[in-house]
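Structure first, commentary second.
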Amino acid sequence: MLDKSKIGAETEVREITVEAGMLRLFCQAIGEANPIYRDEEAALKAGYRAIPTPPTYASVLSNLAPPKSDLVIGVLKADLGRMLHGEQGFTQHKPIFVGDRIRLRQRIADIYDKKGGALEFVVLETSVTNQNDELCATMHTIAVLRN
């Protein structure tokens, strides 16, 4: 069983600058054709201060700036061979723009089990803030461990 006393454990704050080239690759990979995500002129005409990112782009930023120690594998000492990706969700509070300096911090929000402990669930929450300390997004991920 996972150690529930680790609920609340956090990663260090990681920082990354949003780059137009990586955003273009992401849009190409997901088939996003809206010009506001590629062309600054189109973004400005649409009323944005710069090129915005799609709501799920925060997960890319998190992957590009990984923590030194993964909370599930490093802190909880979970066996990667027993782990499944269960769920992922995004709440966007403010747009993230090309050029923004983004800070990410992940924490273990909850640990619970089902089926008499046969399945354990780790709820991870990642806060995404910009250079102005504004909360831009919150990501929720659930890792499932089979026992």
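The values are calculated or read from the model by the stated rules, or taken from the named source; none is laboratory data. On a predicted model such as this, the values are computed, not experimentally measured, just so you know. Neighbour counts are summed over all protein chains in view; Cβ atoms, including those assigned to glycine, are modelled from backbone coordinates with ideal geometry. To get the accessible areas, we keep the full protein, side chains included, count just its heavy atoms, and leave off ligands, DNA and RNA. Shrake-Rupley method; radii C 1.70, N 1.55, O 1.52, S 1.80 Å.
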From ARG82, ARG101, ARG146, residue being under 30 Å from TYR48 (Cα atoms), open to solvent by 50 Å² or more (accessible area, probe 1.4 Å) and in contact (Cβ under 8 Å) with a residue 24 or more places away in the chain: ARG101
Set PRO55, PRO95: member being in a loop (DSSP other than H, G, I, E, B) and within 11 Å of the chain's Cα centre (by Cα): PRO55
Matching residues in the range 104-125 - criterion: being surrounded by fewer than 15 Cβ atoms within 10 Å (Cβ to Cβ) and either without any contact (Cβ under 8 Å) to a residue 24 or more places away in the chain or within 25 Å of GLU41 (Cα to Cα) (or both): TYR112, LYS114, LYS115, GLY116
Which numbered condition ALA65 fails, given (1) buried (at least 18 other Cβ atoms within 10 Å of the Cβ); (2) closer than 30 Å to PRO35 by Cβ; (3) of a type in the set (A, V, I, L, M); (4) in contact (Cβ under 8 Å) with a residue 40 or more places away in the chain: (1)
Set GLU125, GLU120, GLU87: member being over 27 Å from VAL18 (Cα atoms), in a strand (DSSP E or B) and among the charged types (D, E, K, R): GLU120
Looking only at the range 126-141, and only at residues there that are in contact with a strand residue (DSSP E or B) (Cβ under 8 Å, 6 or more places away or on another chain) and surrounded by fewer than 17 Cβ atoms within 10 Å (Cβ to Cβ), the one that is farthest from ALA9 (Cα to Cα): GLN131
Candidates ILE96, ILE51, ILE16, ILE73 - the one that is open to solvent by less than 50 Å² (accessible area, probe 1.4 Å), among the aliphatic types (A, V, I, L, M) and over 21 Å from THR138 (Cβ atoms): ILE51
Selection from the range 34-48 of residues that are outside any loop (DSSP other than H, G, I, E, B), open to solvent by 40 Å² or more (accessible area, probe 1.4 Å) and farther than 17 Å from ASP100 by Cβ: PRO35, GLU41, LYS45
